[in-house]
Structures are given as structure tokens and as C-alpha cells.
Amino acid sequence: MKIFNLFKNYSFFNSRNFIPYGKQNINNSDVKAIVKVLRSDYLTQGPLVEDFEYEISKKVNSDYSIAVNSATSALHIACLSLGLKKGDYLWTSSITFVASANCGLYCGAKVDFVDIDPNSALISIKLLKEKLEKAKLEKKLPKIIIPVHLAGSSCDMKEIFNLSKIYGFSIIEDASHAIGGSYENEPIGSCRYSDITIFSFHPVKIITTAEGGVAVTNNRELAQKMSDLRSHCIIRDAVRFLEKTTPLWRYEMQDLGFNYRMNEIQAALGLSQLKRLDNIVASRNLIYKKYKKLLCNVPLKLIDIPNNVYSSIHLVIVKLDNIDKYEYIFNEMRSKGIGVQLHYWPVHLQPYYKNLGFKKGDFRYSEDYAKRSFSLPVYPELTNSNINRICQELIKLIN
């Protein structure tokens with residue numbers, strides 16, 4: 001489909017006037033924190049990763065945090081800690097980054113999708129209920145469901161949690177977009193309605209560690225398993241040795257693990273950024289409100305934010321009323337130096353997943369979303385003049 005042509009490289013990306021859809025927010029405190037680590041005794045496996053984990057747990061009201069080198073790694077070890085394996089099913093949304101689904105394939109499981117609510121672009125509770133009932137009859141119920149908090153807004157976790165009690169699946173919240181947000185006045189990441197929550201700290205996310213992620217949970221056993229998995233499953237605590245005659249200077253590899261550790265430089269940057277998380281989220285919400293006001297009379301809509309959600313506004317996603325003008329508007333916005341972006345092309349229509357048997361028409365709301373939606377720039381340094389310019393160009397093109 002022609003949509004893929006929208007992702008070619010444009011020379012104006014390096015232009016001074018180019019407005020990206022997102023970018024990192026780095027200040028002098030961040031730089032000083034990193035320089036301090038570079039002059040310290042530890043670049044990896046030092047004290048700052050534990051400090052960062054502690055501060056994350058305190059911020060989101062979770063009991064445990066496991067910091068890793070990416071949210072993709074966090075999703076992988078979260079699935080493994082919940083026992084996902086060959087023959088199991090993992091369900092997630094098709095409107096997400098591919099990692100939300102790939103983590104199931106890494107474990108040898110089968111992946112399937114639940115269509116979205118067309119207004120919020122979050123996983124549809126109605127369609128989830130219907131799919132679960134059908135899967136129960138076919139004896140193909142999922143072992144894990146991963147709701148995706150697209151653009152920073154939480155899915156309806158209470159409803160999903162209640163369904164998990166009926167159908168017996170575990171829940172991993174993919175909150176890669178959503179640190180600093182809340183659901184029913186509780187921080188996203190409190191894991192009140194899930195087993196594990198995942199955050200991403202990629203440069204365009206709310207806060208960054210350059211690359212990095214974290215898995216938070218209230219379950220001690222899951223936390224220990226994920227902690228082991230991120231570091232080769234090598235155990236150095238003699239109390240946990242399987243071979244009790246092992247000398248204390250030895251270590252044991254007790255399972256097949258990975259090198260998914262976060263380093264001290266990343267942790268230092270994360271600790272510095274975390275101090276201004278609330279201000280960053282507040283500024284993103286202010287930008288969202290400006291967009292909403294300026295575009296209120298235009299034939300498009302911003303995707304809904306549920307009433308019981310405070311969104312971190314990782315993305316500002318608009319849906320055009322006129323699907324026929326999508327490619328023209330997208331290309332023209334890009335040509336004018338405005339970095340609109342599609343988040344996301346449906347995972348089930350990626351070539352790899354089509355080779356697994358998925359096809360066009362499987363998830364109609366997700367497919368319709370992808371034909372008429374794109375993200376507008378949003379980051380704390382975005383100026384009022386830039387917001388006005390973006391909206392003026394968009395309104396001009398639509399009209």
C-alpha cells in the first residue's frame with residue numbers, strides 16, 4: 001500500500017526549521033549527573049541502578065522495580081517470569097510498536113490481537129470480552145494479555161483485571177508511553193490491576209535514559225525472576241545456591257538468562273530526569289490543550305482520553321474525517337518541515353506477521369485508524385509559535 005512511501009527520508013529533517021514529532025529534554029543537571037558517573041569508580045553494576053529502581057517504585061507506588069537496557073527487554077523478561085512458553089497465547093493491541101507482540105514470539109508463544117476502540121485507540125473492552133468468550137469455547141484462551149497505554153492514556157485496567165479473574169490470564173501493562181500518568185487517581189505502574197507494568201525511556205519518551213526500560217511489580221517472586229533473567233541468571237548469593245557444597249567465591253548460572261542490564265550512565269540520567277517528571281507531563285498536557293483549542297472546528301478529532309485517566313501525553317494523535325486526503329496531507333506536512341508520524345501501522349499487517357497468517361480485514365478498527373491518523377509534534381520545548389504554525393498548516397491543507 002502507498003502508505004509505506006510516507007516513511008522515506010526527507011532532506012529537510014536536518015533543517016533548522018524542522019519540527020520533529022518528539023525529542024529528548026536534556027538540561028545542565030542531566031549533563032552534570034552523567035559527567036559525575038564518568039569520573040566515578042563504576043560505569044556499570046554500581047549503586048545508581050538500584051537508586052533509580054527505588055525512585056521509580058516510589059514514584060509509581062510499586063513494591064519492586066527492575067531496570068533494564070530497553071522496554072523491549074523488560075517485556076521479554078516479564079513474559080518469561082510469568083511462564084509464557086511454546087503452545088501458549090499472548091494477546092495485545094495491533095496499534096502498538098512491534099515489541100508489544102514480539103515479546104510473545106521470543107518465548108515461543110503464539111500471538112494474537114484485540115481490536116481497538118475507534119475513539120480512544122485503546123484496546124476495546126467490548127471486543128475483548130467477545131474474543132475471550134470465543135477463545136474459551138475453542139480452548140485457546142491467552143496466558144498473557146498486554147494492554148497498550150497508547151499515547152500515554154491508560155486502558156480500562158479495572159475491566160481487564162475483572163476479566164482476568166474469569167478467564168485466568170496474567171496482565172502486563174505496556175505503559176511505555178505512560179510514566180507520569182494516572183488511572184482512577186492512582187499512578188500508572190502501581191500494578192493494582194496487573195502483574196507487571198513496563199515503562200520505556202527511549203529519547204522520545206516522557207523521560208529518557210538514552211535507551212532503557214523498567215519492569216515494575218508488587219510480586220516478590222516475579223521481581224526476583226526478572227532480576228535474575230536480566231543478568232544471565234547468574235546467582236552470587238550463596239543462600240540461593242542449588243549446589244550447597246559450592247564454595248562462596250563461586251557463582252551459579254541456574255537458568256538461561258540475558259545481558260539486559262541498565263548501566264550507571266543511564267541510571268544517572270534517569271534519576272536526574274525523574275526529578276522533573278511531573279513538570280514535563282504538565283507541560284505536555286498544556287500543549288495538548290492548545291492543540292485541542294486550535295483544532296476544535298476542523299474536520300478531524302483528537303483521540304479520546306478516558307475521563308478516569310490523566311494522560312502523560314506522549315503523543316498527540318489526530319484522526320482525519322476525510323480518509324481520501326490522508327496521504328496528501330501527511331506528505332505536505334512533512335514537506336513543510338513538520339514531522340508528523342504514524343503511531344502505528346497495525347502490527348498484524350507487518351510482513352512478518354502476515355507470513356504468520358494475519359491479513360487485511362482481520363482488525364477493521366485498527367486498519368481504519370492507520371489510514372486516517374498521525375501524531376503531531378509534542379515535547380516540552382515546543383513553542384506557541386510552532387504550535388500555531390503546525391495548526392495553521394494543517395487547517396490550510398484540510399480546507
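The values are calculated or read from the model by the stated rules, or taken from the named source; none is laboratory data. Note that the structure is a prediction, hence the values are computed from the model and not measured. Don't worry about glycine lacking a Cβ; one is built from the backbone with ideal geometry, like all the others, and counts go over all protein chains shown. Side chains are part of the model used for accessible areas, which takes the heavy atoms of the whole protein and leaves out ligands, DNA and RNA. Shrake-Rupley method; radii C 1.70, N 1.55, O 1.52, S 1.80 Å.
Computed values, structure above
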read-out: Evaluated at q = 0.08, 0.09, 0.12, 0.13 Å⁻¹: base-10 log I(q)/I(0), Debye formula over Cα of the chain; value: -0.44, -0.55, -0.97, -1.13
read-out: Folded to 0 to 90 degrees: helix 48-60 orientation relative to the chain principal axis, Cα; value: 60
read-out: Share, in percent, of DSSP beta bridges within region 66-213 that are antiparallel, nearest 5; value: 25
read-out: Amide proton proximity set for S120, modelled H, under 5 Å, gap of 5+; value: D304
read-out: Net lengthening on full extension, C233/D304 (0.36 nm per residue, minus Cα-Cα); value: 21.3 nm
read-out: Separation between Cα centres of region 244-291 and region 184-233, rounded to whole Å; value: 8
read-out: Estimated D of region 277-399 in µm² per second, where Rh is the Kirkwood radius over Cα pairs and Stokes-Einstein applies at 25 °C, 0.890 mPa s; value: 157
read-out: For region 93-109, Karplus couplings with θ = phi - 60° (6.51, -1.76, 1.60), whole Hz, Gly/Pro x; value: 7, 7, 9, 6, 6, 4, 4, 4, 9, 4, 4, x, 5, 4, 8, x, 7
read-out: Rounded percent of accessible protein surface that carbon and sulfur make up, the chain, 1.4 Å probe; value: 49
read-out: Selection from I123, F18, I172, by position along the positive dipole direction of the chain (Cβ); value: F18
read-out: 222 nm mean residue ellipticity, helices alone, for the chain (DSSP H n ≥ 4; -39,500 (n - 2.57); rounded to 500); value: -11000 deg cm²/dmol
read-out: The chain - charge dipole about Cα centre, Lys and Arg +1 at Cβ, Asp and Glu -1, debye rounded to 20; value: 880
read-out: The chain: angle of helix 71-81 to the longest principal axis, Cα-based, in degrees nearest 10; value: 50
read-out: Rounded accessible area per residue of the chain, 1.4 Å, Å²; value: 47
read-out: Cα-projected label distance for K140 with K289, points at 7 Å along beta-carbon direction, nm; value: 4.7
read-out: Amide proton proximity set for I235, modelled H, under 5 Å, gap of 5+; value: E252, M253, Q254
read-out: Computed FRET value (nearest 0.05) for R220 with W249, which takes r as the C-beta separation and R₀ as 25 Å; value: 0.35
